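The block underneath contains the structure these notes are about, expressed in structure tokens.
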Amino acid sequence: MAEPTPPPPSNAGLRILLSKDRPPASSSSAIAAATSAAVSSHTDRDRIIGVFRDALSRTESPEAFALQAVQDAIKPQKQTVLVLEENQSLENALRKLLQELASSAVQSGKRIMQYGDNEENNCPITRLLDIVLYLCERGHVEGGMVFQLLEDLTEMSTIKDCKDVFGYIESKQDVLGKQELFGRGKLVMLRTCNQLLRRLSKANDVVFCGRIIMFLAHFFPLSERSALNIKGVFNTSNETKYDKDATDGISVDFNFYNTLWSLQEHFSNPALTAANLTRWQKFVSNLTVVLSTFEAQPLSDDDGKLNNLDQEEDAAFNIKYLTSSKLMGLELKDPSFRRHILVQCLIFFDFLKAPGKTDKEGPTGSMKEEIDSCEERVKKLLEIIPPKGKEFLQSIEHILEREKNWVWWKRDGCLAFEKQPFEKKPGQAGVRKRKPRWRLGNKELAQLWKWAEQNPNALTDSERICMPSVTEYWKPLAEDMDPSAGIEDEYHHKNNRVYCWKGLRFSARQDLEGFSRFCDYGIEGVVPQELLPPEVRSKFYSKPGDKAKRPKREDPKGTSAQPKEQQVVSATPETDGGGSGAEPEEGAVPMDSDNAAIDEGRKQSPEEVSGPESGQCEAEADGEDNMKNEASKDGPSA
């Protein structure tokens, strides 16, 4: 005997609602159509999921079967491109399939991106993402579909799984950054990364946060305004909490402890400190106390070795320090802690000196002098903090110098870096443009004329001509000659003719001895010896004893005989004729003629002077001419 069917559960509220909102009999066909449409949509979704499940089991590359799988699942109106409704139904089905795969991975106890068979590259989730990425890249489906799947996958994953998912995103960065995909999914990718950053801990997940920020910096163009702080708003919510009352066991002065950590209030909002004179004076007084303490207690090299960050185990460090008063004594002995505070000071000063839209916005008067004075003290402290204080200071100065370029760019309205290529119109090919006329002949001269209000002042300015020193100019060539640098010969500065020509001119004016080595050793011999490493210096600079071992050249022999003949010729007027009756002015004439003859002999090339015989003959001939001239002059006087 069959059991009686139980009555349906009573629900008075529902029954009243149904009776109240019961549709008329004429709309029953519409309800039936809607119900059948819903059933049909679920059926289509399940069919699409089944088709793609079969596609995931295939081992070929997505190019071989991806488009065929879409055609089998959707049966699109067009053969290769889906319309809006077809894209929407395919996206819903794939998101549902991705959710089922992630749920299966969690239930199996495996990582999401490692779920599947033990074979390599056989993870169904990675396989699904590759198929959808191929379809988006080829334009078969809507370009933002793969970005939507990646966002869903990060939302349903743990932090450990998100690292694997983000590793997949980094590996596909070049494809995701293509123009046909970037325009469709850049906002979704930005939202995905921002949600990940909110979930991560700024203290424990520093490396992962840095990976995300670096990816965004490479993924988005430089002129993307979404990553810019146009209004210059500061993160005032980042407060540094420290002890307000003294505690037992503190090893340093509690007043100094409060003074040191109170600087963070000014660093968190520099604009407020610069605008308020009282806050600025308080900041200067507190900073003076801190700098004086650092100067009075310098760190030794041993302190730097104990906190060496070059070791791998010490490479991971936090971005904020503990503020307990009991740790103040240890933190003062930490070089990285002192650098942390001093670099904050340099960033603070760099902000205050940043160029504004007008010259009046910068610091003026006594504030500017105080900034320069404190900045100089901070740099000196950074230079003496071990290890490698000078190198560290140079790196920080280089970074701040590059930061000025970004400040200028933001001040000018963040102009786009990308420029569209210029396309010539067909009608402009045969048209000749009229050249602009310039007042002083060309554009460069016209600009030079406008550089100064009083042009004579600009011409007489001492800084107008800046000639570098020989040591400074030859540094690049000396670095090329260093074998440890490993610079190939084709990239050496000695191949640059303009560089070598200018260097020879500088050496001829400032270092004549170095310039003379060009004939023996070439352009590399002109480099000053203090710039060269020892192994290279020995090739171009010999020891003092080696000079005597060099063979003498033949050319100086002919010229060495000339001074001897000069002495004989210059002595003959004194014994000839009136001798002692000649005046000093008359005796100086043959000496000038002899010097001129000697200079002419020196100017002759080695090809013209073949040996010592020719030089002696010329000197004797000049001497005879001088004696005849003296005799003709002395004759009338006698």
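A few notes on this one:
- Spin-label zone in the range 370-398 - amide nitrogen under 17 Å from a point set 7 Å from the Cα of residue 333 along the C-beta vector: 386-387
- Applying 1/(1 + (r/R0)^6) with r as the Cβ-Cβ distance of residue 275 and residue 243 and R0 = 25 angstrom yields a FRET efficiency of 0.30.
- FRET E, pair residue 41, residue 324, Förster distance 60 Å, beta-carbon r, rounded to 0.05: 0.45
- Charge tally around residue 63: other residues with Cβ under 13 Å, Lys/Arg +1 each, Asp/Glu -1 each, net -1.
- Scaled radius of gyration (Cα, divided by 2.2 N^0.38 Å) that the range 34-225 gives: 1.06
- With 26 Å as the limit on Cα-Cα distance, the pairs of 320/380; 241/390; 388/410; 244/404 that go past it are 241/390; 388/410; 244/404.
- If R0 is taken as 45 Å, the Cβ-Cβ distance between residue 438 and residue 504 corresponds to a FRET efficiency of 0.80.
- The range 188-283 - accessible surface per residue (Å², probe 1.4 Å): 60 Å²
- Calculated accessible area for the range 468-539 comes out at 63 Å² per residue, all protein chains present (probe 1.4 Å; ligands, DNA, RNA ignored).
- Among the trypsin sites (Lys or Arg not before Pro) found in the range 63-170, those both in a DSSP coil and sparsely packed, with 15 or fewer other Cβ atoms within 10 Å of their Cβ, are 78, 110.
- Solvent-accessible area assigned to carbon and sulfur over the range 34-225 amounts to 49 percent, based on a 1.4 Å probe.
- Computed from the alpha carbon positions, the gyration tensor of the range 468-539 leads to an equivalent ellipsoid with semi-axes of 18, 14, 11 Å, biggest first.
- Within the accessible surface of the range 468-539, defined with a 1.4 Å probe on protein heavy atoms only, the carbon and sulfur portion equals 51 percent.
- Residue-by-residue Karplus 3J(HN,Hα) for the range 165-171, coefficients 6.51, -1.76, 1.60, Hz, glycine and proline x: 5, 5, x, 5, 4, 5, 5
- At most 16 other Cβ within 10 Å, DSSP loop - GluC sites (Glu not before Pro), the range 108-199: 119, 120
- When you filter the chymotrypsin sites (Phe, Trp or Tyr not before Pro) in the range 177-275 for DSSP loop state and at most 13 other Cβ atoms inside 10 Å of their Cβ, nothing is left.
The values are calculated or read from the model by the stated rules, or taken from the named source; none is laboratory data. On a predicted model such as this, the values are computed, not experimentally measured, just so you know. All Cβ positions, even for glycine, are placed from backbone atoms using ideal geometry, and neighbour counts span all protein chains on display. For accessibility, only protein heavy atoms count, side chains too; no ligands or nucleic acids. Shrake-Rupley method; radii C 1.70, N 1.55, O 1.52, S 1.80 Å.
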